[in-house]
Structures are given as structure tokens and as C-alpha cells.
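Below is one structure, written out as C-alpha cells; comments come after it.
The values are calculated or read from the model by the stated rules, or taken from the named source; none is laboratory data. Values in this document were obtained by computation on a predicted structure and should not be read as measured data. Glycine also receives a Cβ, built like all others from the backbone with ideal geometry; neighbour counts cover every protein chain displayed. Please note that ligands, DNA and RNA were not included when accessible areas were found on the heavy atoms of the full protein model with its side chains. Shrake-Rupley method; radii C 1.70, N 1.55, O 1.52, S 1.80 Å.
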Amino acid sequence: MRRYNVVGVLSPDGESWLLCLRAKPPYQGKYNLVGGKIEPGEESEAAAYRELWEETGIERAQIDLAHVMDFTYYRSGCSIEFWAGRLKEAVVLREETNPLRWFSLKENFFDGSRFAGMGNIGHMLEELRDCGLAD
């Protein structure tokens with residue numbers, strides 16, 4: 001089974017959510033969480049911090065990530081881990097490939113015309129609210 005992660009980054013004030021504009025499939029032209037492939041033999045937590053740093057420049061010392069939930073797509077043969085945390089301080093973002101943008105938590109992240117994942121981003125944000133990570 002192929003393994004991937006997505007990383008939810010909340011702003012230090014807890015009012016914004018960091019997303020990237022996908023430059024290639026899947027979900028090209030839609031906003032998605034940062035993340036990527038977990039390499040064979042790589043620990044899940046290490047992969048989450050590695051992908052976060054590669055795609056945004058955010059360092060491990062600037063955020064504490066928590067493993068929030070997993071999605072397993074048996075027919076597609078892949079699983080996705082959702083990690084999330086709130087930045088400890090304001091950071092200067094460094095884009096790798098996909099442009100980065102902060103969105104207010106009041107956005108409709110279930111809007112499939114703008115956001116990737118068939119509503120999963122909205123569902124993940126609700127989970128963060130339920131566990132107290134997001135306001």
C-alpha cells in the first residue's frame with residue numbers, strides 16, 4: 001500500500017489555515033494541504049516534518065505536529081495520514097513547487113470547486129476544532 005501524508009498548519013493566532021495551490025494532478029488548480037509521499041522505511045512523524053519543511057520551509061522547532069487521523073483507500077491501494085499543529089511564531093514561508101496561501105477558518109472547505117479532497121479538508125478542519133487545535 002502506498003503511504004502519503006498531509007499536514008495542516010494553523011497560524012499562530014489559530015485563525016488561518018495554510019494551503020497550497022496544486023500545480024499538477026491530482027487536484028491540479030485546487031487548494032490542498034501540503035504533504036507528500038512517505039518513503040519506504042520512513043517513520044510517519046519524520047515524513048510529516050520532512051514534507052512540511054520541503055514544501056514550506058517551516059522547521060520542526062516552529063511547530064508541534066500531532067497525528068490526527070488516517071484515511072485508507074483500499075481500492076486505490078493508498079493510505080493518507082493527517083498531521084496538524086499550530087505555529088509557535090510567525091514564519092516566512094518558502095514555496096517549493098505549489099504556491100502557498102493562508103485561508104480564514106471561516107472559508108467553506110467543503111467547496112469541491114476550490115478545494116481538493118472531495119470535502120476531506122473541511123472534515124479535517126472540523127476534527128481539529130473538535131480536538132481543540134483550531135478555534
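So is PHE103 closer than 17 Å to VAL34 by Cβ and in contact (Cβ under 8 Å) with a residue 60 or more places away in the chain or not? Spell out how you get there, then give the answer.
On the way: closer than 17 Å to VAL34 by Cβ: yes; in contact (Cβ under 8 Å) with a residue 60 or more places away in the chain: yes.
Against the criterion (closer than 17 Å to VAL34 by Cβ and in contact (Cβ under 8 Å) with a residue 60 or more places away in the chain), PHE103 qualifies.
Looking at the structure I just gave you, is ARG101 at negative phi and outside any strand (DSSP E or B)?
Values: at negative phi: yes; outside any strand (DSSP E or B): no.
For ARG101, the condition - at negative phi and outside any strand (DSSP E or B) - is not met.
Which condition number does VAL68 fail, the rest of (1) in a loop (DSSP other than H, G, I, E, B); (2) in contact (Cβ under 8 Å) with a residue 40 or more places away in the chain; (3) surrounded by 14 or more Cβ atoms within 10 Å (Cβ to Cβ) being met?
Against the list (1) in a loop (DSSP other than H, G, I, E, B); (2) in contact (Cβ under 8 Å) with a residue 40 or more places away in the chain; (3) surrounded by 14 or more Cβ atoms within 10 Å (Cβ to Cβ), VAL68 comes up short only on (1).
Within segment 106-120, take every residue that is within 14 Å of the chain's Cα centre (by Cα) and modelled with pLDDT under 95 and give me the one that is surrounded by the most Cβ atoms within 10 Å (Cβ to Cβ).
First pass over segment 106-120, keeping only residues within 14 Å of the chain's Cα centre (by Cα): 109, 115-117, 119-120.
Right, trim to modelled with pLDDT under 95 and you get 117, 119-120.
Numbers: GLY117: 21, GLY119: 13, ASN120: 19.
If we take residues in segment 106-120 being within 14 Å of the chain's Cα centre (by Cα) and modelled with pLDDT under 95, then GLY117 is surrounded by the most Cβ atoms within 10 Å (Cβ to Cβ).
Can you tell me which residues in segment 74-95 are in a strand (DSSP E or B) and within 19 Å of ALA116 (Cα to Cα)?
If we filter segment 74-95 for residues that are in a strand (DSSP E or B), which is where we start, we get 78-87.
Selection gives CYS78, SER79, ILE80, GLU81, PHE82, TRP83, ALA84.
Give the residue, chosen from ARG94, ARG101, ARG60, that is open to solvent by 80 Å² or more (accessible area, probe 1.4 Å) and touching a helix residue (DSSP H, G or I) at 6+ places or on another chain (Cβ under 6 Å). Please lay out each step first, then the result.
Numbers: ARG94 fails: touching a helix residue (DSSP H, G or I) at 6+ places or on another chain (Cβ under 6 Å); ARG101 fails: touching a helix residue (DSSP H, G or I) at 6+ places or on another chain (Cβ under 6 Å).
That would be ARG60, the only listed residue that is open to solvent by 80 Å² or more (accessible area, probe 1.4 Å) and touching a helix residue (DSSP H, G or I) at 6+ places or on another chain (Cβ under 6 Å).
Every residue in segment 16-38 that is open to solvent by less than 80 Å² (accessible area, probe 1.4 Å) and either without any contact (Cβ under 8 Å) to a residue 24 or more places away in the chain or assigned to a strand (DSSP E or B) (or both), please.
The answer is SER16, TRP17, LEU18, LEU19, CYS20, LEU21, GLY29, TYR31, ASN32, VAL34, GLY35, GLY36.
Quick check on my filter: what residues within segment 39-51 are touching a helix residue (DSSP H, G or I) at 6+ places or on another chain (Cβ under 8 Å) and in contact (Cβ under 8 Å) with a residue 12 or more places away in the chain?
Answer for segment 39-51, where residues must be touching a helix residue (DSSP H, G or I) at 6+ places or on another chain (Cβ under 8 Å) and in contact (Cβ under 8 Å) with a residue 12 or more places away in the chain: just TYR49.
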